[in-house]
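Read the structure below first, then the notes.
The values are calculated or read from the model by the stated rules, or taken from the named source; none is laboratory data. Since this is a predicted model, take the numbers as computed values, not measurements. All Cβ positions, even for glycine, are placed from backbone atoms using ideal geometry, and neighbour counts span all protein chains on display.
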Amino acid sequence: MEFTADKLACKTSSSPDDFVCQVSGKLSIRGQARPFAPTLNVKEQSSTFRASGEGLVKLSDYGIPIPKQFGVSTSNEVKLKLTFAAKLTTTSGNTQSASAGGAR
């Protein structure tokens, strides 16, 4: 599983260090890439951003059969939760970006 996004739009929340961000990207599961747009709650601590959020994923969109055992099965829609930390870095030309440190 891999989630990638190039941009996000954030607005401040209850304090200047808390943000609510809408991020649009691609979620790949088993080689199938589909659009995925979770809302993230982000908290800034020094130069580290801690983010968490969730979104709904349809298993059938990724070619995953509905798990079933002993007559009990899940729904086709499952909630996917993302949690990660990213560090703020400055690149050449004083452009700032955040990186989570590679594929997870």
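Key figures
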| item | result |
| --- | --- |
| Some residue of segment 58-70 being within 16 Å of the chain's Cα centre (by Cα) and either assigned to a strand (DSSP E or B) or at pLDDT 90 or above (or both) | yes |
| Filter result for LYS87 (basic (Lys, Arg), at pLDDT 90 or above and either closer than 19 Å to ASP6 by Cα or in contact with a strand residue (DSSP E or B) (Cβ under 9 Å, 6 or more places away or on another chain) (or both)) | no |
| Among (1) touching a residue at least 60 places away in the same chain (Cβ under 8 Å); (2) surrounded by 14 or more Cβ atoms within 10 Å (Cβ to Cβ); (3) among the acidic types (Asp, Glu), the one test that GLU44 misses | (1) |
| Per-region count, segment 47-71, residues under 18 Å from SER13 (Cβ atoms) and not basic (Lys, Arg) | 6 |
| Residues of segment 10-44 that turn out to be hydrophobic (A, V, I, L, M, F, W, C), more than 11 Å from GLY55 (Cβ to Cβ) and touching a strand residue (DSSP E or B) at 6+ places or on another chain (Cβ under 7 Å), as a count | 6 |
| Residue in segment 66-85 that is in contact (Cβ under 8 Å) with a residue 60 or more places away in the chain and either more than 15 Å from PHE19 (Cβ to Cβ) or not acidic (Asp, Glu) (or both) present | yes |
| Given (1) touching a Ser or Thr at 6+ places or on another chain (Cβ under 9 Å); (2) over 18 Å from LYS79 (Cβ atoms); (3) among the basic types (Lys, Arg), index of the condition ARG34 fails | (2) |
